[in-house]
Amino acid sequence: MIHCPNGTSLDQGSIQFWLYILIRSLINFPVAVFIFMAGWFVNRQKVFKDYKAYMICWELRLLIPYLLWSTVYFLISYVRGEAITPLTVVKRLLIGKSAGPFYYIIVMLQLTLMTYWLCKIHDNIKKKALVYVMPPVMLAIIYYMAISKDSIPWWCDTLFPVWIGFYFLGIQVQKGDKKIESLLTRIGSLPFVILFFIVNLLESIILVRNGIPFTLSVSQNRVGGFLFALSLIGLFYRYRSSQINSRIMIRIGNNSYGIFYIHCFFIMIINGVLSRIIASELWVPRFIIAFILTLVCSEIVINLMRGIAKKLNIEPCLKFIGF
């Protein structure tokens, strides 16, 4: 949804622009939630039994689709006239910028390397404190650079200290830490979710009005963004056993890794078509249409590929492309 048509190009005095800020504040949480879930689903038994095998398995599962799909998006950029040099390729691969959301893979590659250590420090108060201090320190540096230098650092999305708190939180929940479970249950209550959403929205408005770089003003990497994501994690955890999960949501969840890689391709095509038939001022209907069509097209392609792979008896090969 974040990469669908939006209202960033509109006049800041318009209602449409501030509607975009409102919607962006509401939907800008997935990275933190997915990183938490990755920590929550860590198989501690496999980690301690043979960490090298566990690490190699997950690093390859992340790295191979990342490199293949990055190649696809580099080729698309080249065909569209962008200057793609070997240095450009290396730099973008290292910081996860071959496509919009690919920095998530670079973050997960780093966190996977640290999984064994994070699983071991569960009872070490000082080391746990160190982990949870990292994100606030990184946010403070990001704010400082945004205010003093009118720019945000390239690493604000990519380096693990920004996100490690969410991953470790998931690991602690998986371990059965009662204090953490109690904390998540409390902040996952509706009053806290509403409160932190308001904090997130107000912070974004204040940053925009004070001329802070727009990339940061609507980013998840802010105090308000992290608090809101944390409250949603608590909400999901609080109702984890409910029957809300429909078959459609389960299917989307099962296909989420494939959707992650392929959705940017469909968004480029759909945005190009919609920009010709719907005015930019009408970004809300463009946003909704692009989101629905991208999701549907991604689901169709993934399920089609799985069907073909099943008939050819090559289903294991789909792991190489994230399907």
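The values are calculated or read from the model by the stated rules, or taken from the named source; none is laboratory data. None of these values were measured; they are calculated from a predicted model. Ideal geometry is used to build each Cβ from the backbone, glycine not excepted, and the neighbour counts take in all protein chains shown.
Across region 265-314, which residue is farthest from Leu22 (Cα to Cα) among those that are polar (S, T, N, Q) and under 22 Å from the mean Cα position of the chain (by Cα)? I'd like the intermediate steps shown before the answer.
Looking only at region 265-314, we keep the residues that are polar (S, T, N, Q), and these are 271, 275, 280, 294, 298, 303, 313.
Still in the running and under 22 Å from the mean Cα position of the chain (by Cα): 271, 294, 298.
On the way: Asn271: 21, Thr294: 22, Ser298: 27 Å.
This residue is Ser298.
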Selection status of Ile105, of a type in the set (A, V, I, L, M) and more than 23 Å from the chain's Cα centre (by Cα) = no
In region 72-93, anything closer than 23 Å to Gly322 by Cα and not aromatic (Phe, Trp, Tyr) is listed as Val72, Leu75, Ile76, Ser77, Val89, Val90, Lys91, Arg92, Leu93
Phe168 versus (1) surrounded by 22 or more Cβ atoms within 10 Å (Cβ to Cβ); (2) out of contact with any Lys or Arg (no Cβ under 8 Å at 6 or more places or on another chain): which is the lone unmet condition?
-> (2)
Inter-residue pairs, beta-carbon under 8 Å, first under 12 Å from Gln172 (Cβ atoms) and in region 124-143, second modelled with pLDDT of 95 or more, 6+ apart = Lys128/Phe168; Val131/Ile164; Val131/Gly165; Val131/Phe168; Tyr132/Gly165; Tyr132/Phe168
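Determine whether region 49-63 contains at least one residue that is acidic (Asp, Glu) and closer than 26 Å to Ile302 by Cα. Walk me through it before giving the result.
Within region 49-63, the first condition is being acidic (Asp, Glu), and the residues that meet it are 50, 59.
Remaining after also requiring closer than 26 Å to Ile302 by Cα: 59.
The answer is yes; a qualifying residue exists.
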Name the pairs: first residue in region 177-204 and over 20 Å from Ile23 (Cα atoms), second residue among the polar types (S, T, N, Q) and crowded, with 17+ Cβ neighbours inside 10 Å, Cβ to Cβ under 6 Å, at least 6 apart or on different chains?
-> Ile180/Gln172; Ile187/Ser231
May I ask you to verify whether Ile308 is at pLDDT 90 or above, surrounded by fewer than 20 Cβ atoms within 10 Å (Cβ to Cβ) and of a type in the set (Val, Ile, Thr)?
-> yes
Any chance region 133-154 includes a residue that's crowded, with 19+ Cβ neighbours inside 10 Å and either under 21 Å from Tyr51 (Cα atoms) or under 15 Å from the mean Cα position of the chain (by Cα) (or both)?
-> no
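Is region 108-131 home to any residue that is under 17 Å from Gly225 (Cβ atoms), part of a helix (DSSP H, G or I) and either assigned by TED's automatic domain parsing to the domain that holds Val42 or modelled with pLDDT of 95 or more (or both)?
No - not one qualifying residue is present in region 108-131.
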Which number in (1) at pLDDT 85 or above; (2) part of a helix (DSSP H, G or I); (3) closer than 28 Å to Val173 by Cβ marks the one condition that Ile250 misses?
-> (1)
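Does Ile289 fit the bill of being modelled with pLDDT of 90 or more and surrounded by 13 or more Cβ atoms within 10 Å (Cβ to Cβ)? Don't jump to the end; show me each part of the working.
On the way: modelled with pLDDT of 90 or more: yes; surrounded by 13 or more Cβ atoms within 10 Å (Cβ to Cβ): yes.
It is true that Ile289 is modelled with pLDDT of 90 or more and surrounded by 13 or more Cβ atoms within 10 Å (Cβ to Cβ).
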Filter result for the condition that a residue is out of contact with any Asp or Glu (no Cβ under 6 Å at 6 or more places or on another chain) and crowded, with 22+ Cβ neighbours inside 10 Å, over Phe214, Phe228 = Phe228
Consider only pairs whose beta carbons are under 7 Å apart and that are at least six residues apart or on different chains; among these, list those whose first residue lies in region 211-234 and is over 20 Å from Arg186 (Cβ atoms) and whose second residue is among the charged types (D, E, K, R).
-> Pro213/Asp150; Leu216/Arg222; Val218/Arg24; Asn221/Asp157; Arg222/Glu203
